[in-house]
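Following: one structure in structure tokens, then a few remarks.
The values are calculated or read from the model by the stated rules, or taken from the named source; none is laboratory data. Quantities reported herein were computed from a predicted structural model and do not represent experimental measurements. Cβ atoms come from the backbone with ideal geometry, glycine included; neighbour counts cover every protein chain shown.
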Amino acid sequence: MPFPIEIPAAANPQIAAEVAARWNSLTKPPGSLGRLESLVEQLAQAAGTARPSATRKAIAVFCGDHGITAEGVSAYPKEVTRQMVLNFLAGGAAITVLCRRFQIVPYIVDAGVDADPTEGAINLRIARGTANFARGPAMSISQAEQALHNGIRFANTLRPVCDLAATGEMGIGNTTSASALLCAYRQISPEQAAGPGTGLDAPGVQHKVHVLRDALRLHGRIADPVEVLATFGGFEIATMAGFLLGAASARLPVVVDGFISSVAALAAHAINPAVLPFLFFSHVSAEPAHQRLLAELHARPIFDLDMRLGEGSGAALAMPVFDAAIALYDNMATFAEARVTNRE
């Protein structure tokens with residue numbers, strides 16, 4: 001049964017015409033600001049207004065643990081997830097440094113960390129980490145649906161206080177979960193989907209490939225997108241997918257971070273393809289499969305800096321680009337105002 005979420009149509013010809021007319025009235029050659037112009041148009045279409053804003057910015061960092069770490073697929077032990085949650089809350093992580101620098105409000109979301117709840121984190125916990133999908137499904141269908149609903153509700157609570165949101169994540173083992181989801185949704189081979197994650201060497205990556213191949217063989221071909229998410233996903237990935245669906249439903253534009261966040265977007269797209277026009281993709285990750293994933297979604301990233309940290313760090317760096325684009329769109333003089341002769 002399709003997952004129940006309604007998303008409005010993003011394309012509005014009147015908004016497109018108003019945005020184009022505004023850009024073309026400004027003191028510059030038509031189209032000379034390149035993607036800054038198209039970003040504003042997409043933002044306007046997503047928000048449903050020809051004069052969009054990105055003043056109030058927020059990043060939701062979704063955190064959760066993964067049973068697949070029992071297979072030795074990560075360079076770090078799973079307790080690092082909990083330790084990084086504390087680091088986020090203390091302000092010492094890369095994402096929180098960037099949030100302070102760019103005036104972005106961070107929300108640290110515990111979707112299923114294998115530890116007691118942490119004061120200061122938003123509690124959307126399903127369980128203390130997923131099960132090991134090399135041995136059985138990572139979660140039940142009902143748990144996957146609950147995670148999706150949690151994300152949808154959180155997006156709805158954020159919409160009144162936010163013009164532009166972003167996603168990030170933290171969860172030891174989640175690159176393996178994301179790679180499995182990519183394989184299952186798009187029939188990509190484990191060799192194409194697996195990468196070093198937090199720093200695996202070549203033998204470690206090859207071991208991850210074997211784990212993925214065996215797990216995909218164990219579960220077989222799955223048609224239902226929510227069942228795919230339940231079989232291979234993490235609680236943080238499923239909650240993030242719900243957040244993206246809920247944000248689109250509420251006309252809240254979202255900047256998607258790197259590989260794992262993009263896999264959450266892939267899951268959301270599999271559930272409801274109408275989500276895609278509401279999403280912006282900040283960067284192409286150094287994780288090898290990310291470029292393939294972006295191509296699968298026909299998504300064009302804003303930049304490429306060889307990043308692979310996650311946390312929302314790429315999305316945070318992309319947010320000032322929206323500030324610059326809107327500042328130009330709102331504040332440049334028109335030809336008439338500046339008494340500059342326009343082209344014939």
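Scan the stretch 76-97 and give yes if some residue there is within 20 Å of residue 161 (Cβ to Cβ) and in contact with a Leu (Cβ under 7 Å, 6 or more places away or on another chain), otherwise no.
Pass one, the stretch 76-97, residues within 20 Å of residue 161 (Cβ to Cβ): 88-89, 95-96.
In the following step, the residues that additionally are in contact with a Leu (Cβ under 7 Å, 6 or more places away or on another chain) were identified as none.
Within the stretch 76-97 (the criterion being within 20 Å of residue 161 (Cβ to Cβ) and in contact with a Leu (Cβ under 7 Å, 6 or more places away or on another chain)), the answer is no, since none of the residues qualifies.
Conditions (1) under 12 Å from the mean Cα position of the chain (by Cα); (2) of a type in the set (Asp, Glu); (3) closer than 16 Å to residue 46 by Cα, marked per residue:
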residue: 217; (1), (2), (3): no, no, no
residue: 241; (1), (2), (3): yes, no, no
residue: 245; (1), (2), (3): yes, no, yes
residue: 253; (1), (2), (3): yes, no, yes
residue: 281; (1), (2), (3): yes, no, yes
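Taken together, the criteria place residue 160 among residues that are modelled with pLDDT of 95 or more, under 30 Å from residue 326 (Cα atoms) and of a type outside the set (Gly, Ala, Ser).
The helices (runs of 4 or more DSSP H) falling completely within the stretch 226-344 that include 3 or more residues that are hydrophobic (A, V, I, L, M, F, W, C) and farther than 30 Å from residue 145 by Cβ map to 313-331, 335-338.
Looking for something over 17 Å from the mean Cα position of the chain (by Cα) and within 21 Å of residue 74 (Cα to Cα) - is there at least one such residue anywhere in the stretch 139-149? Outline the logic, then answer.
First, the residues of the stretch 139-149 that are over 17 Å from the mean Cα position of the chain (by Cα): 139-146.
Right, trim to within 21 Å of residue 74 (Cα to Cα) and you get 139.
Yes; the residues of the stretch 139-149 include at least one that is over 17 Å from the mean Cα position of the chain (by Cα) and within 21 Å of residue 74 (Cα to Cα).
Restricting 264, 215 to residues that are out of contact with any Gly (no Cβ under 7 Å at 6 or more places or on another chain), assigned by TED's automatic domain parsing to the domain that holds residue 169, more than 30 Å from residue 53 (Cα to Cα) and surrounded by 24 or more Cβ atoms within 10 Å (Cβ to Cβ) narrows the list to 215. Under the condition of being part of a loop (DSSP other than H, G, I, E, B) and free of Cβ contacts under 8 Å to residues at least 60 places away in the same chain, the residues counted in the stretch 3-28 number 2.
Being closer than 24 Å to residue 70 by Cα and either charged (D, E, K, R) or not assigned by TED's automatic domain parsing to the domain that holds residue 82 (or both) holds for only one residue in 186, 221, and it is 221.
When 198, 175 are screened for being in contact with a Phe, Trp or Tyr (Cβ under 8 Å, 6 or more places away or on another chain) and surrounded by fewer than 18 Cβ atoms within 10 Å (Cβ to Cβ), only 198 passes.
The residue that is farthest from residue 271 (Cα to Cα), among those in the stretch 1-48 that are more than 23 Å from the chain's Cα centre (by Cα) and of a type in the set (S, T, N, Q), is 27. Determine, yes or no, whether residue 180 is of a type outside the set (Phe, Trp, Tyr) and crowded, with 18+ Cβ neighbours inside 10 Å. For residue 180, the condition - of a type outside the set (Phe, Trp, Tyr) and crowded, with 18+ Cβ neighbours inside 10 Å - is met.
Looking at the stretch 31-62, which of its residues are in contact (Cβ under 8 Å) with a residue 40 or more places away in the chain, farther than 21 Å from residue 158 by Cβ and out of contact with any helix residue (DSSP H, G or I) (no Cβ under 8 Å at 6 or more places or on another chain)? Across the stretch 31-62, the qualifying residue is only 35.
Return the total of residues in the stretch 80-98 being assigned to a helix (DSSP H, G or I) and in contact (Cβ under 8 Å) with a residue 24 or more places away in the chain. Full working, then the answer.
Here is the first cut: in the stretch 80-98, the residues assigned to a helix (DSSP H, G or I) are 80-90, 94-98.
Those still in the list that are in contact (Cβ under 8 Å) with a residue 24 or more places away in the chain too: 80-82, 84-86, 88-89, 94-95, 98.
So the count comes out to 11.
Go through the stretch 272-288 and give me each residue that's over 14 Å from residue 256 (Cα atoms), crowded, with 19+ Cβ neighbours inside 10 Å and at pLDDT 95 or above.
Initial filter on the stretch 272-288 (over 14 Å from residue 256 (Cα atoms)): 272-274, 286-288.
Checking the rest, the ones that are also crowded, with 19+ Cβ neighbours inside 10 Å come to 272, 287.
272 - this is the single residue of the stretch 272-288 that is over 14 Å from residue 256 (Cα atoms), crowded, with 19+ Cβ neighbours inside 10 Å and at pLDDT 95 or above.
Taking every residue in the stretch 99-118 that is part of a helix (DSSP H, G or I) and pairing it with any residue that is surrounded by fewer than 15 Cβ atoms within 10 Å (Cβ to Cβ), at least 6 positions away or on another chain, the pairs with Cβ-Cβ distances below 8 Å are 99/105; 100/91.
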